[in-house]
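The values are calculated or read from the model by the stated rules, or taken from the named source; none is laboratory data. Keep in mind that what you see is a predicted model, and the values were worked out from it rather than measured. Positions of Cβ are backbone-derived with ideal geometry, glycine not excepted, and every protein chain shown enters the neighbour counts. What goes into the accessible areas is simple: the full protein's heavy atoms, side chains included, and nothing from ligands, DNA or RNA. Shrake-Rupley method; radii C 1.70, N 1.55, O 1.52, S 1.80 Å.
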Amino acid sequence: MIDDVPPKQVWEALMSDPEAVLCDVRTNAEWAFVGLPDLSQAGKQTLTIQWQAFPTMQPNMQFVEQLKQAGVGPERNVYFICRSGGRSMAAAEAAFEAGYRKVHNVRDGFEGPHDQRGHRGNVAGWKHDGLPWHQK
């Protein structure tokens, strides 16, 4: 079973565990236009590996291999984040199936669910919780 961890708890884990990794599985377009978690306070950078490729949204069949190529071994705590928690859960499950045992999903993702007006970022998620982020 994959842990569904609240963003603030993920932040604390990333700050306290020097080996912990945050892997953002959104698309290039989302990273560029919506923003990325800023881990500079922890002396880290967010690892970016698309789970699905924009604009076709075809699955990235090399996802686990790219995780390994980035130097992320199965002994490390890896927190996966996407827009709202769905793609990141799928990525965490794929990593688990590949032998990673310390995988976690960031609950509500970077922007969280839609609010009553259909906007994201106002109900839950990394941005809503006031955690550091930046745009490219």
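Observations
- Number of the exception - residue 114 against (1) farther than 20 Å from residue 17 by Cβ; (2) buried (at least 22 other Cβ atoms within 10 Å of the Cβ): (2)
- Residue match in segment 50-64 (condition: within 23 Å of residue 129 (Cβ to Cβ) and open to solvent by 80 Å² or more (accessible area, probe 1.4 Å)): no
- Listed by first and then second residue, the pairs linking a residue in segment 40-55 that is within 19 Å of residue 28 (Cα to Cα) to a residue that is part of a loop (DSSP other than H, G, I, E, B) and of a type in the set (Ser, Thr, Tyr), with Cβ atoms under 9 Å apart and 6 or more places separating them unless they lie on different chains, are 50/27; 51/27; 52/27; 53/27; 54/27; 55/27.
- When the residues of segment 67-85 are filtered to those that are open to solvent by 30 Å² or more (accessible area, probe 1.4 Å), without any contact (Cβ under 8 Å) to a residue 12 or more places away in the chain and not charged (D, E, K, R), the one that is farthest from residue 8 (Cα to Cα) is 69.
- Test: residue 33 is open to solvent by less than 30 Å² (accessible area, probe 1.4 Å), within 21 Å of residue 125 (Cβ to Cβ) and among the hydrophobic types (A, V, I, L, M, F, W, C): no
- Residue in segment 85-104 that is in a loop (DSSP other than H, G, I, E, B), within 14 Å of residue 6 (Cβ to Cβ) and of a type outside the set (A, V, I, L, M) present: yes
- Flag if residue 95 is in contact (Cβ under 8 Å) with a residue 40 or more places away in the chain, of a type in the set (A, V, I, L, M) and open to solvent by less than 40 Å² (accessible area, probe 1.4 Å): no
- Single unsatisfied condition, residue 36 versus (1) among the aliphatic types (A, V, I, L, M); (2) at pLDDT below 95; (3) farther than 24 Å from residue 101 by Cβ: (2)
- Some residue of segment 8-15 being in contact with an Asp or Glu (Cβ under 7 Å, 6 or more places away or on another chain), open to solvent by 10 Å² or more (accessible area, probe 1.4 Å) and under 17 Å from residue 112 (Cβ atoms): yes
- Residue match in segment 106-120 (condition: touching a helix residue (DSSP H, G or I) at 6+ places or on another chain (Cβ under 8 Å) and part of a strand (DSSP E or B)): yes
- Meets criteria (among the aliphatic types (A, V, I, L, M), in contact with a helix residue (DSSP H, G or I) (Cβ under 7 Å, 6 or more places away or on another chain) and open to solvent by less than 40 Å² (accessible area, probe 1.4 Å)) for residue 25: yes
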